[in-house]
Amino acid sequence: MENFTPISALIGGGLIGLAAVILMAANGRIAGISGIVSGALAGENSERIWRAVFVGGLIVSPFVWTAFGGQAPKVEGMPDWPAIVIGGLLVGVGTGIGSGCTSGHGVCGISRLSPRSIVATLIFMGAGMAVVALIRPLVMGA
């Protein structure tokens, strides 16, 4: 386990939880990224500003992290752009079908003990594990 970093993972998870609590307390909104992004693109005008700021924070934060001495992860085996676009579209369709994404269901929904979110998160995780189990031998040549 060469990439095991419990301290930074604990800090990052705490910051995600804190951000979700602040958004709920300040705005009464759930920190589901797919809903925030779609609302920033096509939502009501009064909602677009905070959503754009939230998404901007997601984009800027890795640069802030590295500017203050944090180490960016190594990216190996980057897929080509068509694969990234197709993957992004599939994720978008999936979040529409599932009425939310892993951040909305997994972080916010489970913390609220939402049965729908618990089931959705179990399905997300199970599907992810199944795909890795099927694809990894093909990619890794095992």
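I'd like the full set of residues that are part of a helix (DSSP H, G or I) and loosely packed, with under 10 Cβ neighbours inside 10 Å, limited to the stretch 75-87.
Across the stretch 75-87, the qualifying residues are Trp81, Pro82.
Pick from the stretch 31-60 the residues that are loosely packed, with under 11 Cβ neighbours inside 10 Å and of a type in the set (Gly, Ala, Ser): which of them is nearest to Gly106 (Cα to Cα)?
Ranking the qualifying residues of the stretch 31-60, first place goes to Ala42.
Residue by residue through the stretch 18-46, note down the ones that are touching a residue at least 60 places away in the same chain (Cβ under 8 Å) and either over 16 Å from the mean Cα position of the chain (by Cα) or more than 15 Å from Gly92 (Cβ to Cβ) (or both).
Ala20, Met24, Ile30, Ala31 - these are the residues of the stretch 18-46 that are touching a residue at least 60 places away in the same chain (Cβ under 8 Å) and either over 16 Å from the mean Cα position of the chain (by Cα) or more than 15 Å from Gly92 (Cβ to Cβ) (or both).
Applying the selection to the stretch 81-128, what residues are at positive phi and either free of Cβ contacts under 8 Å to residues at least 12 places away in the same chain or under 12 Å from the mean Cα position of the chain (by Cα) (or both)?
Result: Gly100, Leu113.
Rundown of residues vs (1) hydrophobic (A, V, I, L, M, F, W, C); (2) in a loop (DSSP other than H, G, I, E, B), yes/no style:
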| site | (1), (2) |
| --- | --- |
| Phe4 | yes, yes |
| Ala9 | yes, no |
| Ala19 | yes, no |
| Met24 | yes, no |
| Arg29 | no, yes |
| Gly35 | no, no |
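Can you pull out the residues in the stretch 94-116 that are assigned to a helix (DSSP H, G or I), at pLDDT 85 or above and more than 13 Å from Ala31 (Cα to Cα)?
Within the stretch 94-116, Pro115, Arg116 qualify.
Do we find that Glu44 is farther than 26 Å from Gly128 by Cβ, acidic (Asp, Glu) and modelled with pLDDT under 85 in this structure?
Answer is yes for this residue.
Could you tell me how many of the residues in the stretch 28-57 are closer than 20 Å to Arg112 by Cβ and among the small types (Gly, Ala, Ser)?
So the count comes out to 6.
Which residue is modelled with the lowest pLDDT, if the candidates are limited to the stretch 64-73 and must be within 19 Å of the chain's Cα centre (by Cα) and loosely packed, with under 10 Cβ neighbours inside 10 Å?
The residue in question is Pro73.
The values are calculated or read from the model by the stated rules, or taken from the named source; none is laboratory data. On a predicted model such as this, the values are computed, not experimentally measured, just so you know. For neighbour counting, all protein chains shown are included, and Cβ atoms are generated from backbone atoms with ideal geometry for every residue, glycine included.
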